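Below: one structure, written as structure tokens.
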Amino acid sequence: MALARDIYRELEDVLGPENISEDPVVIESYAFPTRAAAAGTKDVYVPRFEAITLPKDTREVRAIVRLCNKHEVQFKASSTGWLYCDPTGPGCIKIDLRRMNRILEINEKNMYAVVEPYVIGAQLQAELMKRGLNCNLTGAGSNCSALPLAAHVNLGHLSQSGSYGERNLLAMEWVTGDGEIVGFGSLGSLGEWFCGDGPGPSLRGIIRGNTMPLGGLGVFTKAAQKVYHWPGPRTFPIEGVSPNYSPSEIPEGFIIRYLSFPTIEMLIEAVRKIGESEIGFELMGFNAAMMASNIATDNDEDLAYMKKFTEQIQGPGIMLIMAGNSTRDAEYKKKVLQKIIDETSAWSLKDVEEPKIGAGFLWRFIRIVGSIRETSRATGVGGGTVGGTDVFPLMTKYILHTSDLKQDLINKGLIMDDGIYPFIQSIEHGHTGHGEILIRYAPSSPEHTANVQGMLNREANKTAIEGRFGVPHHVWSDTLHDMYGPHTSNYHLLLRKIKKNFDPNEASESSNYITAKD
Ligand SMILES: Cc1cc2nc3c(=O)[nH]c(=O)nc-3n(C[C@H](O)[C@H](O)[C@H](O)COP(=O)(O)OP(=O)(O)OC[C@H]3O[C@@H](n4cnc5c(N)ncnc54)[C@H](O)[C@@H]3O)c2cc1C
């Protein structure tokens, strides 16, 4: 179904003919079949956008949003278009923000950075490192937007010392679903970016809760985020050619270890102690399979590393990076770590201690370039279940419930045996934590996918609700919010009111958020 001519012409008047298209080839190139991939078939029908728009600034975004409201057309914005960006039905146009690609400010003194949506994490981080600063990046990879609002949760490898979007977000600019421009915090009152709250009540909780609204509540056009101290080099000394490239050495003062533990209780104790002593720059509970995928450049190598690492580890493990601010600080952190290793019977993987290999791991984990390999190696299809963000031991306990189910699926031959240790992470030096169970499989049919992913989802929901583990990050859509809401203070009713108030015509396509239905 094409857009009515009058609507198309009005959009063209705003954007200019070169910044709007309904050419079938262009439309097709935006039809990334997320849902088809999840269903394990190429044949699932994926709705196409009616037109693609490329606004250059907030004024044009607002004009598109207002036209959509006027003509009862829906829109869906994306920053880089990495995931959750497809329409779910006809009558939806795309707002592709790739022309809004500027770093607007890096304020070294007050330690914040302001970006537009198409600035990617790698770009912002590189600019910050030149200034002795660093930022959190979403764990999906540094190819994703540096806007702390675009990501799904915005947790990532750097969250141990760099927190995540919910906490790093400062002032921001938002075009609501009905086309109002709102400046949050100090932007609204002073035209400055340093603060996300007030005067008066904070609006930060309106635009995000457990996760972002995933396109369902208007368009975020600019945002400031808190940035952090970076004690490392201005750039990494990279050698080699892709895929065999890595830094020639570990930067001075940096230490990387992969520690495995005899039991999950020992791991939790070590994570608590590392957090309490604030010696960790990065801390991710990776398992042997994820470590193998991070280093391997092809599938055979991946399997060989996985076998090697699995034979050496003694149980669940963590990848830890420490960054010394001086030689004395690095020495102190090493001593503290040794004490924790002794107290928790941790064992350090020898390959990671080897300087050349360690340097590669360190660079890939800090620049977040291995995520797609860590999650979707071999067949391109990843899967599993994710928990929420709460205290580390609770989130670990939640996700371990699904480990048993994963073992069942492995025993039945439905998925690959890549171990059942969970992928857990510590945030803000142990302030909170998050956990996931990842699976690898080659979907042989939609039934196979439904069997595997469906079983995991059902079990994860049952465990979360019955075990009172809170609302996991996979909860979006009317169905899931309606399932969790009644067990969680009826939050879903409030979420619907937010949707109704800020997007009364439901112009912002919200299948990945919540609709305003009564
Ligand atoms: C391998 C892999 C690993 C992942 N790991 C993580 C992880 O560790 N942490 C995490 O939080 N997520 C993770 N994700 C989930 C998710 O893919 C990313 O968070 C997100 O897609 C990042 O890309 P982006 O920020 O450029 O946003 P996009 O991919 O462009 O968009 C993501 C969603 O946000 C909406 N959106 C984007 N920009 C805007 C905007 N400016 N205004 C309004 N709505 C917007 C889109 O409509 C879409 O629904 C992962 C995904 C993959 C495939």
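The values are calculated or read from the model by the stated rules, or taken from the named source; none is laboratory data. Given the structure is predicted, the values throughout are model-derived calculations rather than measurements. FYI the Cβ positions are ideal-geometry reconstructions off the backbone, even for glycines, and counts take in every protein chain you see. Surface areas here come from the heavy atoms of the whole protein model, side chains and all, with no ligands, DNA or RNA. Shrake-Rupley method; radii C 1.70, N 1.55, O 1.52, S 1.80 Å.
Solvent-accessible surface of the stretch 375-445, taken per residue with a 1.4 Å probe and all protein chains present: 37 Å². Tell me whether the stretch 154-295 comes out rounded, prolate or oblate; compute the Cα gyration tensor, take square roots of the eigenvalues as a ≥ b ≥ c, and use a/c under 1.5 as the rounded threshold. Judged from the Cα gyration tensor, the stretch 154-295 comes out prolate (a/c at least 1.5, a/b above b/c). A straight Cα-to-Cα reach below 20 Å connects residue 356 with the lysines 308, 334, residues fewer than 8 places away in its own chain not being considered.
Taking each residue as 0.36 nm, the span from residue 182 to residue 300 lengthens on full extension beyond its C-alpha to C-alpha distance by 37.3 nm. Estimated translational diffusion coefficient (Stokes-Einstein, Kirkwood radius over Cα pairs, 4 °C, 1.567 mPa s) of the stretch 286-408: 79 µm² per second. Element breakdown for the chain at a 1.4 angstrom probe: carbon and sulfur atoms account for 53% of the accessible area. The length gained on full extension between residue 22 and residue 351, counted as 0.36 nm times the residue separation minus their Cα-Cα distance, comes to 113.2 nm. Each listed q (0.19, 0.28, 0.29 Å⁻¹) maps to a log10 I(q)/I(0) for the stretch 127-193, found by the Debye formula over equal Cα scatterers with no solvent: -0.85, -1.16, -1.18.
Can you give the accessible area per residue of the stretch 296-369, in Å², using a 1.4 Å probe?
On a per-residue basis, the stretch 296-369 sits at 48 Å².
Karplus-based coupling profile of the stretch 316-321, in residue order and whole Hz: x, x, 10, 9, 10, 10, with θ = phi - 60° in 6.51 cos²θ - 1.76 cosθ + 1.60 and x standing for Gly or Pro. Max-minus-min Cα coordinates of the stretch 64-128 on each principal axis give 46, 23, 17 Å, with the largest extent listed first. Stokes-Einstein, applied to the Kirkwood radius of the stretch 444-518 over Cα pairs at a viscosity of 0.890 mPa s and 25 °C, places its translational diffusion at 179 µm² s⁻¹. If I take R0 = 60 Å and measure r between the Cβ atoms of residue 329 and residue 505 in this structure, what FRET efficiency does the formula 1/(1 + (r/R0)^6) give, to the nearest 0.05? Using R0 = 60 Å, I get an efficiency of 0.60. So what's the net charge close to residue 500: Lys and Arg +1, Asp and Glu -1, counting the other residues with Cβ under 11 Å from its Cβ? In short, 0.
Straight-line reach from residue 335: which aspartates and glutamates have a Cα under 14 Å away, not including same-chain ones fewer than 8 places off? Correct list for residue 335: 278, 343. Each label point was placed 7 Å from the Cα along the Cα-to-Cβ direction; for residue 105 and residue 518 their separation is 4.6 nm.
Summary of packing: across the peptides 417-425, 78-86, the per-residue average of other C-beta atoms within 10 Å ranks them, highest first, as 417-425, 78-86. For the chain, the pair-distance distribution built from all alpha carbon pairs, in bins 20 Å wide starting at 0, is 22, 56, 22, 1 percent. Shape class of the stretch 1-153 from the alpha-carbon gyration tensor: oblate, with a/c at 1.5 or above and b/c at least as large as a/b. Placing a pseudo-label 7 Å from each Cα along the Cα-to-Cβ vector at residue 71 and residue 307 gives an inter-label distance of 6.0 nm. Computed extension gain for residue 5 through residue 343, at 0.36 nm per residue and net of the alpha carbon distance, reaches 114.5 nm.
Relative contact order, whole percent, for the stretch 62-206 stands at 16, derived from Cα pairs under 8 Å and 6 or more residues apart.
Each DSSP beta bridge with both residues in the chain is either parallel or antiparallel, and the antiparallel ones are about 85%. Counting only aspartates and glutamates at least 8 places from residue 406 when in the same chain, those with an alpha carbon closer than 13 Å to its own are 417, 418, 436, 459.
Once a ≥ b ≥ c are taken as the square roots of the eigenvalues of the Cα gyration tensor of the stretch 212-306, is the result rounded (a/c under 1.5), prolate (a/b larger than b/c) or oblate (a/b not larger than b/c)? Judged from the Cα gyration tensor, the stretch 212-306 comes out rounded (a/c under 1.5).
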